[in-house]
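Visitor: Before I ask anything, let me first share the structure, which is written out below as structure tokens.
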């Protein structure tokens with residue numbers, strides 16, 4: 001077992017099953033996540049005997065004024081990425097949930113490397129802890145928007161959220177944790193959690209979305225919008241609809257008006273995302289095109305924002321560093 005894989009209830013059970021007071025779970029959590037208190041010799045001995053403290057290594061960092069990009073090496077020589085983004089209201093970390101991704105979104109660099117496995121919860125937890133250790137900065141928000149589809153690694157992601165949200169651990173409030181998904185059967189299980197939800201929409205109709213996102217063949221626009229409408233009512237929460245702006249594909253005024261009709265009356269807002277260009281054959285929409293699209297939404301009564309850009313010069317699009325490293329490894333082998 002890895003100590004950073006243990007949810008608080010699981011750690012309580014560990015001590016109870018060994019005839020120990022389950023209150024020792026609180027002492028361990030405070031020690032490993034908050035650096036508070038000391039472990040007794042007995043507890044320290046138990047943990048060393050029964051747990052792995054397996055590491056996640058920082059292979060590379062790139063930084064600028066408002067962002068730090070991390071390339072992490074895992075124990076099986078896989079790599080994942082995370083990005084720390086500095087906001088006026090605190091630091092947010094964009095965390096990866098899988099090694100590679102099978103969603104195959106046409107514009108996304110992450111899908112270039114197909115999924116080999118989901119990350120264990122400890123590998124997600126350590127992305128956060130290592131980022132804090134490396135920068136000396138506290139992370140107050142987490143977004144699961146890095147490499148991978150979070151709902152394709154559901155159980156490990158739920159354990160990760162439980163660990164970082166526990167009051168004796170990192171104590172991140174549910175409103176400071178956001179899950180981003182393009183739509184999978186596990187969507188309905190999100191009714192049972194309290195985190196923020198972001199849906200990768202990226203198109204106002206099935207024709208464009210199917211071109212961009214193969215998942216649309218199963219979770220099409222109508223199904224996604226129906227879920228969004230129902231979820232926002234049941235949970236009484238505003239949902240984010242993510243919309244990456246791709247030149248000549250989904251950024252026309254016609255697309256904007258079509259989007260208005262599609263989502264009108266839903267408790268949501270649209271996050272317009274200037275595309276971070278990669279080696280893929282897509283271009284970002286011009287600033288004027290983004291402004292026009294945004295203006296149509298606002299004037300039509302749709303809440304919208306244009307995402308602030310972080311670390312474009314750092315190759316901060318998900319998967320860029322991992323893809324480059326894999327390409328270099330392939331060249332070395334040949």
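Any read-out appearing in this document is the output of simple, stated calculations on the displayed coordinates, not a laboratory observation. This structure is a prediction, so every number in the text was calculated from the model and none was measured. Heads up, the Cβs are rebuilt from the backbone with ideal geometry, glycines too, and the neighbour counts pull from every protein chain shown.
Visitor: At 0.36 nm per residue, minus the direct Cα-Cα distance, what do residue 30 and residue 134 gain on full extension? Give it in nm, one decimal, please. All intermediate terms of the calculation are to be shown ahead of the outcome.
Guide: Values: separation 104, 0.36 × 104 = 37.44 nm, distance 2.04 nm.
Here the answer is 35.4 nm.
Visitor: Using Cα-Cα distances under 8 Å and only pairs 6 or more residues apart, what relative contact order does the range 54-333 have, in percent? Each step should come with its number before you reach the end.
Guide: Working: 540 pairs, mean separation 48.6, N = 280.
The normalised contact order for the range 54-333 reaches 17 percent.
Visitor: When a/c reaches 1.5 or more, the comparison of a/b and b/c decides; with that in mind, is the chain rounded, prolate or oblate per its Cα gyration tensor? Please list the in-between numbers first.
Guide: Details: a/c = 2.06, a/b = 1.58, b/c = 1.30.
It is prolate, given that a/c is not under 1.5 and a/b is the larger ratio.
Visitor: Same structure again: May I ask you to compute the full-extension gain from residue 292 to residue 305, defined as 0.36 nm times their residue separation minus their alpha-carbon distance, rounded to one decimal in nm? Display every interim value, and only then the final one.
Guide: Values: separation 13, 0.36 × 13 = 4.68 nm, distance 1.26 nm.
Difference between extended and current length: 3.4 nm.
Visitor: State the Cα centre-to-centre distance between the range 157-224 and the range 12-76 in whole Å.
Guide: Computed from Cα coordinates, the inter-centre distance equals 27 Å.
Visitor: Which value does Rg/Rh take for the range 1-53 over its C-alpha atoms, Rh per Kirkwood? Let's see the in-between values first.
Guide: Numbers: Rg = 10.0 Å, Rh = 11.0 Å.
Radius of gyration over Kirkwood radius for the range 1-53 works out to 0.91.
Visitor: Same structure again: Which of the three applies to the range 153-285, rounded, prolate or oblate, going by the alpha-carbon gyration tensor with a ≥ b ≥ c and a/c under 1.5 meaning rounded?
Guide: On the way: a/c = 2.00, a/b = 1.60, b/c = 1.25.
Because a/c hits 1.5 or more and a/b exceeds b/c, the range 153-285 counts as prolate.
Visitor: Restricting to the range 54-333, compute how many DSSP beta bridges are antiparallel as a %, nearest 5.
Guide: Numbers: 21 of 45 bridges.
So the antiparallel bridges amount to about 45 percent of the total.
Visitor: Moving on to the next point. Neighbour counts of other C-beta atoms within 10 Å: give me 191, 231 arranged from fewest to most.
Guide: Neighbour counts put them in this order, fewest first: 191, 231.
Visitor: From the helices alone, meaning DSSP H stretches of at least four residues, give me the mean residue ellipticity at 222 nm for the chain, per-run term -39500 (n - 2.57), in deg cm²/dmol to the nearest 500. Please report the intermediate quantities before stating the final value.
Guide: Values: 10 runs with 118 residues, N = 334.
So the calculated ellipticity at 222 nm is -11000 deg cm²/dmol.
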